[in-house]
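Written below as structure tokens is the structure these notes are about.
The values are calculated or read from the model by the stated rules, or taken from the named source; none is laboratory data. Predicted model, so just to flag it, every value in this text is computed and none were measured. Cβ: placed from backbone, ideal geometry, glycine included. Neighbour counts: every protein chain shown. Ligands, DNA and RNA are excluded from the accessible area calculation, which covers all protein heavy atoms including side chains. Shrake-Rupley method; radii C 1.70, N 1.55, O 1.52, S 1.80 Å.
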Amino acid sequence: MRGDTINGEPFVPGVTRAPVLKNARAYCECVVRQSCALGDHTVVVMEVVEAECRGETSPLTVTGSPWQYGG
């Protein structure tokens, strides 16, 4: 992060002061309300405090990505 860009992408501070990318089609900001470690995973309960959809976009899904989940 340098100045008001991250790797050249402009951002503004969000409600939580986390960087929100200006060119993102959508974003949501959350605060952690609770977490619980269960074996080798942790469940995190968060509250959405701000969100915006800035135009038409399709969601990224596991089947539409090059990733595979084996767990």
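At least 2 residues that are surrounded by 10 or more Cβ atoms within 10 Å (Cβ to Cβ) and of a type in the set (Ser, Thr, Tyr) in each: list the strands (runs of 3 or more DSSP E) lying fully within the chain that qualify.
26-38
What number of residues within the stretch 12-35 satisfy the criterion of being among the hydrophobic types (A, V, I, L, M, F, W, C), in contact with a Ser or Thr (Cβ under 7 Å, 6 or more places away or on another chain) and modelled with pLDDT of 95 or more?
1
Between a residue in the stretch 43-71 that is within 17 Å of Arg25 (Cβ to Cβ) and small (Gly, Ala, Ser) and any residue that is open to solvent by less than 70 Å² (accessible area, probe 1.4 Å) and in a strand (DSSP E or B), which pairs come within a Cβ distance under 8 Å, given they are 6 or more apart or on different chains?
Pairs that qualify, where the first residue is within 17 Å of Arg25 (Cβ to Cβ) and small (Gly, Ala, Ser) and the partner is open to solvent by less than 70 Å² (accessible area, probe 1.4 Å) and in a strand (DSSP E or B), are Ala51/Ala26; Ala51/Tyr27; Ala51/Glu29.
Criterion first (out of contact with any Asp or Glu (no Cβ under 9 Å at 6 or more places or on another chain) and not polar (S, T, N, Q)) does Val48 satisfy it?
No: the conditions fail for Val48.
Determine the pairs where a residue that is without any contact (Cβ under 8 Å) to a residue 12 or more places away in the chain, located within the stretch 19-41, has a partner that is surrounded by 10 or more Cβ atoms within 10 Å (Cβ to Cβ) and of a type outside the set (A, V, I, L, M) with Cβ atoms under 9 Å apart, the partner being 6 or more residues away or on another chain.
Filtered contacts from the stretch 19-41: Val20/Phe11; Val20/Pro13; Val20/Gly14; Val20/Tyr27; Val20/Glu29; Val20/Glu50; Val20/Glu52.
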